[in-house]
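The values are calculated or read from the model by the stated rules, or taken from the named source; none is laboratory data. Quick caveat: nothing in here was measured; it's all calculated off a predicted structure. Quick reminder, even Gly has a Cβ in these numbers, built from the backbone with ideal geometry, and neighbours come from all protein chains shown. These accessible areas exclude ligands, DNA and RNA; they are computed on the full protein's heavy atoms, side chains included. Shrake-Rupley method; radii C 1.70, N 1.55, O 1.52, S 1.80 Å.
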Amino acid sequence: MQFEEWDANLKSTCGHYDSVPGPGRRTVNGHFTAFTMCGLDVANLACDIDRIDRTHDGIRRDETEYLFLLLQLSGSTSIEQHGRQATLAQGDFYLLDSTRTATLRYECTPAHILSLHLPRASILLESEGRLRIGEALDAKTAAARRLHRCFRERHSRPDTDPEFLFDLARLAFSTDPGSCDAGMASSSKSRFELAVREMESSLTRPELSLAWLARRVGISERQLQRDFLARGSSFVRLLRDRRLRLAAEIIDVAFRAGRALYITEVALAAGFRDLSNFNRAFRSRFGCTPSEYAVRIPRRQCETGIRTLS
């Protein structure tokens, strides 16, 4: 397979990830196909390239955010992300965050991987900020065996609710509550990252506010506000953006699974309490109403539509 074709397939399926061939090579010994599982996209890729890079430029160019659940079918992959390194052996799983720079190394040795595209906001919701993103999940663990079973049964159970997969992924990659990043808020950067993680896992909490978040992180409200402002944002602006991303994911997942939704359901599930405010914010963010957004989703296996209030 020509390298240019393989790289184009990677970008069209997974986003702006830059693959690098081996020295002097313009072909790839492998393949790149895609299928759906519970209404979610899965990339099936085999290669013997040098590496795949996720850069800041690639992150900026991609509108949709994912956690890619990687399953190593054969060979190995060495992954660097967020200051951590992990090596996947056959049968291991890994959560790759599309909002972080990363390098996946193969060093021209054959490897075969499945990559399940999990909507990032939906997975982080209710995770309480404790997901082992950037760490390998050993194939021998009970959690990995449950995930393996789900992949094996994808053909016999095509109508499985994607929410089941979300819960399974959260459970598999959850950390011990007692190990929650003690002392992480020692710098502005780490405080901000911790605050965003707490926000993303609590988007539907009615008590979510700047003061509540500051208490969760363990700093003053004024200091947390400064951390937001230092990055050209604010608590309110970032919260609205994260809730709107979640709303878009809810619509996308429901349509791919063949479920119909009321707009009020979407708004409440994303943490909005006022329907008119939700509609205005959604149009401002995506340039269309929730109903119009749904129409743009590739239909694949769904024939239902989003319902408006009667």
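Contact map, the range 274-292: residues that are farther than 13 Å from Arg245 by Cα paired with residues that are small (Gly, Ala, Ser) and open to solvent by less than 10 Å² (accessible area, probe 1.4 Å), Cβ distance under 7 Å, separation 6+ or inter-chain. Pairs shown: Leu275/Ala267. Looking for something out of contact with any helix residue (DSSP H, G or I) (no Cβ under 7 Å at 6 or more places or on another chain), among the aliphatic types (A, V, I, L, M) and exposed (fewer than 15 other Cβ atoms within 10 Å of the Cβ) - is there at least one such residue anywhere in the range 225-237? Scanning the range 225-237, I find at least one residue that is out of contact with any helix residue (DSSP H, G or I) (no Cβ under 7 Å at 6 or more places or on another chain), among the aliphatic types (A, V, I, L, M) and exposed (fewer than 15 other Cβ atoms within 10 Å of the Cβ), so the answer is yes.
The set of residues in the range 38-78 that are open to solvent by less than 30 Å² (accessible area, probe 1.4 Å), among the β-branched types (Val, Ile, Thr) and farther than 21 Å from Val20 by Cβ contains only Val42. The number of residues in the range 244-263 that are outside any loop (DSSP other than H, G, I, E, B) and either aliphatic (A, V, I, L, M) or open to solvent by 30 Å² or more (accessible area, probe 1.4 Å) (or both) comes to 12. Checking the structure you have, find out if any residue of the range 133-151 is on the phi > 0 side of the Ramachandran plot and modelled with pLDDT of 95 or more. No, every residue in the range 133-151 fails to be on the phi > 0 side of the Ramachandran plot and modelled with pLDDT of 95 or more.
A quick yes/no check of all residues on (1) open to solvent by 10 Å² or more (accessible area, probe 1.4 Å); (2) modelled with pLDDT under 90; (3) under 24 Å from the mean Cα position of the chain (by Cα):
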| site | (1), (2), (3) |
| --- | --- |
| Leu208 | yes, no, yes |
| Arg215 | yes, yes, no |
| Ser220 | yes, yes, no |
| Arg242 | yes, no, yes |
| Glu265 | yes, no, yes |
| Ala270 | no, no, yes |
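The conditions of being among the basic types (Lys, Arg), under 21 Å from Ala248 (Cβ atoms) and open to solvent by 40 Å² or more (accessible area, probe 1.4 Å) are not met by Arg26. Pairs linking a residue in the range 240-261 that is farther than 15 Å from Arg197 by Cα to a residue that is of a type in the set (S, T, N, Q), with Cβ atoms under 6 Å and 6 or more positions apart or on different chains, are Glu249/Ser122; Gly258/Thr304; Ala260/Thr304.
Applying a threshold of 6 Å to beta carbon distances and a minimum spacing of six or more residues, or different chains, the list of pairs starting in the range 11-23 at a residue that is closer than 13 Å to Glu65 by Cα and ending at one that is acidic (Asp, Glu) and surrounded by fewer than 18 Cβ atoms within 10 Å (Cβ to Cβ) reads Gly15/Asp62; His16/Asp62.
Residues in the range 26-44 that are closer than 10 Å to Trp6 by Cβ, touching a helix residue (DSSP H, G or I) at 6+ places or on another chain (Cβ under 7 Å) and in a strand (DSSP E or B): Thr27, Phe32. Checked against the criterion of being open to solvent by less than 40 Å² (accessible area, probe 1.4 Å), in a helix (DSSP H, G or I) and more than 26 Å from Ala269 (Cβ to Cβ), the range 151-159 has at least one qualifying residue.
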